[in-house]
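Worksheet for the structure shown next.
Just so you know, all these numbers are worked out from the coordinates, no wet-lab data involved. Please read these numbers as outputs of a predicted model, since none were measured by experiment. Positions of Cβ are backbone-derived with ideal geometry, glycine not excepted, and every protein chain shown enters the neighbour counts.
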Amino acid sequence: MLFLWLPSLINISPIVFLLILTALIGVYYVTYSGAKHRAILSAALFIGAWQNGLWLEFAFLDVTLGYFLFTFLLILGFTSVKKLETPGNLLRLHIPWILLTIWSAISVTKALNTEFAVGGPARFLLVLVIFWAILKCTRTPKDFQFLMACFSAFVLGQAVFGLLQFKIEGLKIGVIDDWSSWMWWRSRGSFFHSNQLGIVLLLYLPVVLRSLINCYLSKGKQYLYLHGAALILGAGALITTRNRGSWIGLAFALTIIVMLDMIGRGGKVKKIAMQFFGVGLVAVIIGAVSYGDIVFDRFMNSDADDQIEGRQGLQVEAIAVIKDNPILGVGYNNDRFYTSTIFVHNVYLLVAAEIGIPGLLFWLWFLFEIMLMSIKAHRSKISYISNYGKGFIGSLAGFCLASIPGPDFWINEHVQLYFWALVAALVSLMRIEHYAKKQLEARKLQEKKKSFFESKYNGNPPAEEQKPGLTY
């Protein structure tokens, strides 16, 4: 066990920092007036990517305070008296991920550094704690709305950190090692790298947008300003990360969402979404005045050509590794020993290189199941569910595109944490739809029975019994 303290503006020991942070969360938990599991949920999501403090390093795995909070949250969920069944397709979601975990464990036998390789399957099992903790504590539509508010609060917090870093030169909120210290000109929030903040904002902004639309639809003002501020500042912070892959991914996600709104069924959701689309175009024009030079520089000037050429070379090296080790790969986090840098900037090639082509197929299968669930949510006849379904489809589509140049999901546990939190929200949404359908069916059955008995009492049989040869 290694206690590691990386540089920060807070010049105190890691133990003191951990105690202060734990005390603040304890006070928040005690004084929180609502359900206590919500206090832990909001605290865990907000500090999940905060890296200052005590790190427990085991098998190249960083277990921070956020993981302990999620474990506590999971215990609270299992001790709840009320039990709810989970959607039937939940098993289909777990099978590919468990197979991916098992395959990565088997690939440890091929690793040159087994300590690095063991960190993969350990991390893949750890994120399931986060998934089940959120799923157990998100049971009702109000719980789901609170979860969406937590997502927006997290986005807002990271956006504020990122924009401060962009405006104040040298402000180092978060941590980074000496090797990458030259990249402080890119905003990163509390994440280790700006690309990680970029891809997480890409994942969450489409869902935040749908949360804002839902507030307008339901005329609920409780979280209206929170979602609005998170959307505006989050988009600005995404630009300051200078992460081109996430820019393209978000543009792709929003394009898909707009198309789904245009071809979807009519109603208030479509009308409000089209209004937001118009406002969004105006915001893009205004934003181009402030950030247009940054975007132009990253695509046309800067080091774009050199990076493209360098990353193409890394892809060639990764393909060679895959050809030499097609079944088991070379072990998680061991690609660095076969190439000229620590990893190839392509999550699909990196997965195939480290846990083989079967591992890549399990990964793609996992993404496919999430997309199927998102599409099912979009097709729901409940406008509330369908509205969010569009956001989840956009998030996943943008993520899949941004992962072509970005390996961040595979290499960073904090990106996995927030990815699985989003998946837990999707499953919770489908569970809400499941129970809404059951309640609707029960209500229809009750009305049918009531109609039958009323007809019987009045001496008039129901219409379906008035047939020749039948007597009442």
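Computed on the Cα trace of region 358-444, the radius of gyration divided by the Kirkwood hydrodynamic radius gives Rg/Rh = 1.06. Stretching residue 436 away from residue 102 to a fully extended chain increases their span by 116.6 nm, per 0.36 nm per residue minus the current alpha-carbon distance.
Between residue 24 and residue 381, the contour length at 0.36 nm per residue exceeds the Cα-Cα span by 124.2 nm. Between residue 167 and residue 259, the distance separating the two model label sites (each 7 Å from Cα on the Cα→Cβ line) works out to 3.7 nm. Specify whether the C-alpha gyration tensor of region 333-397 places it in the rounded, prolate or oblate class, a ≥ b ≥ c being the square roots of the eigenvalues: rounded for a/c under 1.5, otherwise prolate if a/b is larger than b/c and oblate if not. Prolate, since a/c reaches 1.5 and a/b exceeds b/c.
Placing a pseudo-label 7 Å from each Cα along the Cα-to-Cβ vector at residue 312 and residue 114 gives an inter-label distance of 4.1 nm.
Here are some pairs, 323/376; 136/221; 167/376; 36/167; 110/390; 323/390; which of them have Cα atoms lying more than 31 Å apart in this structure? Beyond 31 Å between Cα atoms: 323/376; 167/376; 36/167; 110/390; 323/390.
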